[in-house]
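A.B. asks: Below: one structure in structure tokens.
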Amino acid sequence: MTKHPESSADTLKQAWQDLRADHPHMRIRDAAATLGVSEAELLATDCGNRVTRLREYWPALLGAVGTLGPVMALTRNAFAVHEKTGLYEDICPCGDFILITGHHIELCLSTGVWHSGFAVMEETHLGPRHSLQFFDSGGEAVHKIYLTEHSDAGLYRRLIDIFRADDQSPHLALPTDGPKPALGAIAPSKDLSEHWRRLLLADTTEAAVTGRIAVPALRELMQQLAELMLPIQVLVGNPGAMQLHDGPIQNLKITGPWFNVLDRDFNLHLNEMAVAGADIVQLTCKQQALTGLLIRGQNQQTIASVFGGYDETDGESVFWRDLLLASAVTGGS
């Protein structure tokens, strides 16, 4: 007998309900891994209930987010989560990318790899939480947008009505062809602004590795940056989204394996168990020297990047560069 997608989705939904009954605080990402499916497939099983599948009109949809007021933007990869609260004000299509800037928000979205999007309502101990969630062709989350207490809930409901897809079935078909593009392959694109090209070129062969910082020294460096209130740029990305924090960091906290920055409009969660160390890289861009710190995983993949404050005329902060090079000497590796 042929197994229909709807029956498979029903079986998966029941398995998720059973899992939540045993582990009520388990995150959907962990639940999907436990059940052997993608996060998007698991989320889709609740379409027609707390989840609404959205039309794939990404530029128009993201433009509408700008009407909602302050929201929380979340971009993550396997080992780092980057959260910024602010406004989606300036939405600029740029070739294969959408560049978004606003108060406290700076994003470079590669929507060509986006496959599906959903409006989601989750029950929490603080009440319902509403979000827009976007996934790639493998069902991995690339970007999420959460409403805050200051967001316009009425306009959010109108946005869902406008962009609601005709298909609200609980089954999500994912393509099986083609690997996801590597994040480093995005950097040389001529479509990107000089600002984003400069940040992303640090993770390509155009940059030379000139030193390395071990994990304990990396934590000490971040503590120094917080104490000095030194403006920095912290970038976390995946093949579908890159999200930037530009400014100082202040409130650092270690929780289990997680190194956290817990500031008012910026949170960073970095899984130190996955960090092998950090490479100091140097390159020249537009006749200006650039020194970056690439936090690497066990397979040498980049988990997050940190740069000093940058001025288009004067270049990067000399103090940042000196602090970074000193950390490499004291940190060893």
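A.B. asks: Please name all residue pairs, on different chains or six or more residues apart, with Cβ atoms under 6 Å, provided the first residue is in segment 113-132 and is under 15 Å from Arg164 (Cα atoms) and the second residue is open to solvent by 70 Å² or more (accessible area, probe 1.4 Å) and not in a loop (DSSP other than H, G, I, E, B).
C.D. replies: Met121/Pro128
A.B. asks: Test of understanding: among Asp246, Asp279, which residue is open to solvent by 40 Å² or more (accessible area, probe 1.4 Å), in contact (Cβ under 8 Å) with a residue 24 or more places away in the chain and not basic (Lys, Arg)?
C.D. replies: None of the other options fit; the residue is Asp246.
A.B. asks: How many residues are at pLDDT 90 or above and assigned to a strand (DSSP E or B) when one looks only at segment 299-326?
C.D. replies: Here the count works out to 7.
A.B. asks: May I ask you to list the residues in segment 107-146 that are touching a Phe, Trp or Tyr at 6+ places or on another chain (Cβ under 9 Å), among the charged types (D, E, K, R) and open to solvent by 20 Å² or more (accessible area, probe 1.4 Å)?
C.D. replies: Scanning segment 107-146 gives Arg129, Lys144.
A.B. asks: Let me ask you something else. Residues of segment 166-204 being over 30 Å from Ala278 (Cα atoms) and at pLDDT 85 or above, which ones?
C.D. replies: Asp166, Asp167, Gln168, Ser169, Pro170, His171, Leu172, Ala173, Leu174, Pro175
A.B. asks: For Ala208, which of the numbered conditions (1) surrounded by 15 or more Cβ atoms within 10 Å (Cβ to Cβ); (2) in contact with a strand residue (DSSP E or B) (Cβ under 8 Å, 6 or more places away or on another chain) fails to hold?
C.D. replies: (1)
A.B. asks: Which one is nearest to Leu43 (Cα to Cα) among residues in segment 53-104 that are more than 10 Å from the chain's Cα centre (by Cα), of a type in the set (A, V, I, L, M) and open to solvent by less than 10 Å² (accessible area, probe 1.4 Å)?
C.D. replies: Leu54
A.B. asks: Then there's this: Mind checking which residues of segment 249-259 are without any contact (Cβ under 8 Å) to a residue 24 or more places away in the chain and surrounded by 15 or more Cβ atoms within 10 Å (Cβ to Cβ)?
C.D. replies: Trp258
The values are calculated or read from the model by the stated rules, or taken from the named source; none is laboratory data. Keep in mind that what you see is a predicted model, and the values were worked out from it rather than measured. Positions of Cβ are backbone-derived with ideal geometry, glycine not excepted, and every protein chain shown enters the neighbour counts. We work out accessible area using only protein heavy atoms, side chains counted, and drop any ligands, DNA or RNA first. Shrake-Rupley method; radii C 1.70, N 1.55, O 1.52, S 1.80 Å.
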